[in-house]
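The values are calculated or read from the model by the stated rules, or taken from the named source; none is laboratory data. Remember, predicted model here, so these are calculated numbers, not experimental data. When we count neighbours, we look across all protein chains shown, and the Cβ atoms used for this are built from the backbone with ideal geometry, even at glycine.
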Amino acid sequence: MKSLTPDELVQTLNWRYATKVFDPTKKIPDQEWAALEQALVLSPSSYGLQPWKFFVITDLALREKLVPHSWSQRQVADCSHFVVFAIKKNLSEPEVDAFLARISEVRGIPVESLAAYRGMMLSDVIHGQRSLRVNEWAAKQAYIALGNFMTCAATLGIDTCPMEGFDPGKYDEILGLPQRGLSAVLACPAGYRSDADKYASLPKVRYPLEQVIERLP
């Protein structure tokens, strides 16, 4: 499998930035977008439970409807593809059992052999201390998927902008999420930066490596 060189990886991460102005005339090719959808599917999550749903919105009228509830940020409408990251609210035993059934199907093993794994997930996420804040836990998993999506997009030369700046309640209402047991927690426009985006040419501001990484003996 071909991989980036260390220098290419660092260059790619330096190239990436939170794009403020997208070029609405540039669209992501179908093949590249399909790869990014696979990146979402393949994102890691705690226990592998995948407590999420990703909504890809390309319809301009719908995106324009979301703009006023996104702090009027035009990236929502001007990007090529707009992704809303939603969580499955109030996870319970059926979600765990559905995941175990999928493991059984994919790996060709009896679901009964996963009893110990089931017990571990139930005692931690569903009935344990984590269950008291299970929606917050699920949202943290969505952040993992967001980071994976943005990094993968950058390796393809595609711009993104992570967004918390929107009204989740309005998004839920417009997208009809509550009746599906879902709630929006994050969003991410993807596409190509505009020449008018002044932030594209600014150097990335990070603390020096020596201040943020400490090597322990």
Test residue 182 against the criterion of being within 28 Å of residue 104 (Cβ to Cβ), under 17 Å from the mean Cα position of the chain (by Cα) and either surrounded by fewer than 19 Cβ atoms within 10 Å (Cβ to Cβ) or among the aliphatic types (A, V, I, L, M) (or both), and give yes or no.
-> yes
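Here's the yes/no breakdown for (1) of a type outside the set (Phe, Trp, Tyr); (2) touching a Phe, Trp or Tyr at 6+ places or on another chain (Cβ under 7 Å):
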| site | (1), (2) |
| --- | --- |
| 144 | yes, no |
| 149 | no, no |
| 159 | yes, yes |
| 167 | yes, no |
| 186 | yes, yes |
| 190 | yes, no |
| 193 | yes, yes |
| 198 | yes, no |
| 202 | yes, no |
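Residues are listed down the side, and each one gets a yes or a no for (1) assigned to a helix (DSSP H, G or I); (2) not small (Gly, Ala, Ser):
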{"residue": "90", "(1), (2)": "no, yes"}
{"residue": "97", "(1), (2)": "yes, yes"}
{"residue": "101", "(1), (2)": "yes, no"}
{"residue": "106", "(1), (2)": "yes, yes"}
{"residue": "113", "(1), (2)": "yes, no"}
{"residue": "123", "(1), (2)": "yes, no"}
Under 9 Å between Cβ atoms, at least 6 apart or on separate chains: pull out the pairs that start in the range 197-212 with a residue that is within 29 Å of residue 79 (Cβ to Cβ) and end on any residue that is at pLDDT 95 or above and assigned to a helix (DSSP H, G or I).
-> 203/14; 204/13; 204/14; 206/212
Breaking point among (1) part of a helix (DSSP H, G or I); (2) in contact (Cβ under 8 Å) with a residue 40 or more places away in the chain; (3) under 30 Å from residue 7 (Cα atoms), for residue 137 | (3)
Among (1) surrounded by fewer than 17 Cβ atoms within 10 Å (Cβ to Cβ); (2) over 20 Å from residue 137 (Cβ atoms); (3) touching a residue at least 40 places away in the same chain (Cβ under 8 Å), where does residue 163 come up short?
-> (1)
When you go through (1) of a type in the set (Ser, Thr, Tyr); (2) within 16 Å of residue 49 (Cβ to Cβ); (3) surrounded by fewer than 14 Cβ atoms within 10 Å (Cβ to Cβ) one by one for residue 113, which number turns out not to apply?
-> (2)
Which members of the range 156-170 meet the condition of being under 16 Å from the mean Cα position of the chain (by Cα) and assigned to a helix (DSSP H, G or I)?
-> 168
Checked 80, 72, 43 against criteria (crowded, with 18+ Cβ neighbours inside 10 Å and either farther than 16 Å from residue 148 by Cα or more than 14 Å from the chain's Cα centre (by Cα) (or both)); the one match is 80
Long-range neighbours under 6 Å by Cβ, at least six apart or interchain, first residue within 13 Å of residue 193 (Cβ to Cβ) within the range 24-35, second of a type in the set (Gly, Ala, Ser) and surrounded by 15 or more Cβ atoms within 10 Å (Cβ to Cβ) = 28/80
Could you list, in sequence order, all residues of the range 115-131 that are under 26 Å from the mean Cα position of the chain (by Cα) and of a type in the set (S, T, N, Q)?
-> 129, 131
Among 20, 26, 65, 53, which is modelled with pLDDT of 95 or more and either β-branched (Val, Ile, Thr) or part of a strand (DSSP E or B) (or both)?
-> 53
With criteria (1) under 30 Å from residue 32 (Cβ atoms); (2) surrounded by fewer than 15 Cβ atoms within 10 Å (Cβ to Cβ); (3) hydrophobic (A, V, I, L, M, F, W, C), residue 158 comes up short on (2)
